[in-house]
Amino acid sequence: MVPSEEARKLVLSFADDELCVGQNHSWWIAIGPFLEEDLAFTSIAQDELGHARALYSLLTDDIDHLAYGRNHSEYRSAHIAEFLCHDWSSALVRHVLHDMAEQIRWSALTNSSWTALGETAQRALAEENFHIQHGLSLLRRLLSSDEGQKRLEPIVLSLAPYGREYFADCDEGLIDDGLLTISMADQERMWVDQVLETFDDFNISVDMGEETQSSGRSGIRSDDFATLHDEMTAVIQIDPNAQW
C-alpha cells in the first residue's frame, strides 16, 4: 500500500518517541544504580534506538537527517518521552509507562496493511515483552516496601497523565484502510486501564486527567528537549559525515 499522510505522521510520532526514550535510557549506561540495571538499560536503549531507526527507514532513505537534522518544532515526540529523568526513580517510572504504551501501540500494528510496518511491529513486540516484564518486576518489588512507595508514588502521580499523549495522533481512515487494528481511542483506554490497575494494587490512585495532552504532537517541545537534542546530535556536531 501507499501510506497516507496520516499514516506517515503516526509512524513519525512513534519513531520520535522511540528515539527520545532510547537516548534518555542511554544516559544511564555505566551509571545505573547496580550492575543488573546498568546492563538492562543499555540493552533496552539499544532496542528503542533500533525501533526508531526501523520506523524512520519506512519514511525515508536519509535516516540521519530525519532523526537528527530537523528543526525542534518538526519533531512529534510526546513530552513524557523527552523528559530527561536524570534521577533513577523517574527513569524507572517512565520506563514502565512507556513500555506499557509501546506494547499496545505495536500490537495495533502487527497486522497492518502496510506490510513493512506490520513486520517491524512483530519484531519490536517480541522485544517489548522483555522490556515490560523487566520494568514491572522491579517496580513492583520497590513499591512493596514503604521506602520504595514513598519515593515512587509522587513520580507516578506526576508522570502518568503525560503518557496519554502517546495516543494523541489522529487515526482518521487508518482503521478503515487496515493500517491500524485498534483505534487510538481504544489504545488509550487499554493503556489507562492497565496503568490504573497496576498502581491500584499498591493503593495508588492515579488521576489521569480528563483530556489527552498533545503539545508534543503539535510541535511544542518540552523544556528538556533542547538538552536531549544536543546529546543525541553530539557526534554529528563533531563529524557532520558520521552515519547512524
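The values are calculated or read from the model by the stated rules, or taken from the named source; none is laboratory data. Every value quoted in this text rests on a predicted model; they were computed, and no experiment measured them. Glycine gets a Cβ as well: all are built from the backbone with ideal geometry, and neighbour counts include every protein chain shown.
Could you grab the pairs with beta carbons closer than 8 Å, sequence gap of 6+ or different chains, first residue in the stretch 148-166 and free of Cβ contacts under 8 Å to residues at least 40 places away in the same chain, second one assigned to a helix (DSSP H, G or I)?
As it stands, the answer is GLY148/ARG141; GLY148/LEU142, since those pairs meet every condition given.
Can you tell me how many residues within the stretch 198-226 are more than 13 Å from ILE80 (Cα to Cα) and either touching an Asp or Glu at 6+ places or on another chain (Cβ under 6 Å) or surrounded by 13 or more Cβ atoms within 10 Å (Cβ to Cβ) (or both)?
6
May I ask you to list pairs of residues, at least six apart or on different chains, whose Cβ atoms are under 8 Å apart, with the first in the stretch 18-44 being over 24 Å from TRP106 (Cβ atoms) and part of a helix (DSSP H, G or I) and the second being at pLDDT below 90 and not aromatic (Phe, Trp, Tyr)?
Taking only residues 6 or more apart or on different chains, the pairs are ASP38/ILE29; ASP38/ALA30; ASP38/ILE31; ASP38/GLY32.
Here is a list of conditions, (1) assigned to a helix (DSSP H, G or I); (2) more than 28 Å from LEU10 (Cβ to Cβ), and TYR162 meets all of them except one; can you say which number that is?
In the conditions (1) assigned to a helix (DSSP H, G or I); (2) more than 28 Å from LEU10 (Cβ to Cβ), TYR162 misses (2) alone.
Does any residue in the stretch 223-235 that is in a helix (DSSP H, G or I) come within less than 7 Å, Cβ to Cβ, of a residue that is charged (D, E, K, R) and surrounded by 13 or more Cβ atoms within 10 Å (Cβ to Cβ) six or more places away or on a different chain, and which pairs are these?
Hits for this filter: PHE225/GLU82; LEU228/GLU82.
Within the stretch 62-84, can one find any residue that is free of Cβ contacts under 8 Å to residues at least 24 places away in the same chain, in a helix (DSSP H, G or I) and within 30 Å of LEU152 (Cβ to Cβ)?
no
Quickly run through the stretch 186-215 and pick out the residues that are at pLDDT 95 or above, within 24 Å of LEU174 (Cα to Cα) and not polar (S, T, N, Q).
Of everything in the stretch 186-215, those that are at pLDDT 95 or above, within 24 Å of LEU174 (Cα to Cα) and not polar (S, T, N, Q) turn out to be ASP186, GLU188, ARG189, MET190, TRP191, VAL192, ASP193.
Looking only at the stretch 91-109, decide whether some residue is closer than 27 Å to MET184 by Cα, in a loop (DSSP other than H, G, I, E, B) and at pLDDT 95 or above.
Yes, because at least one residue in the stretch 91-109 is closer than 27 Å to MET184 by Cα, in a loop (DSSP other than H, G, I, E, B) and at pLDDT 95 or above.
Here are some residues: HIS72, HIS79. Which one is under 14 Å from the mean Cα position of the chain (by Cα) and within 21 Å of TRP27 (Cβ to Cβ)?
Just one listed residue meets the conditions, HIS79.
Kindly indicate the residue of the stretch 117-133 that is out of contact with any helix residue (DSSP H, G or I) (no Cβ under 9 Å at 6 or more places or on another chain) and at pLDDT 95 or above and also farthest from THR181 (Cα to Cα) among those meeting that condition.
GLU119
Of all residues being closer than 14 Å to GLN23 by Cβ and more than 20 Å from the chain's Cα centre (by Cα) in the stretch 221-243, which is modelled with the highest pLDDT? Just the residue, please.
So, considering only residues that are closer than 14 Å to GLN23 by Cβ and more than 20 Å from the chain's Cα centre (by Cα), the one modelled with the highest pLDDT is ALA234.
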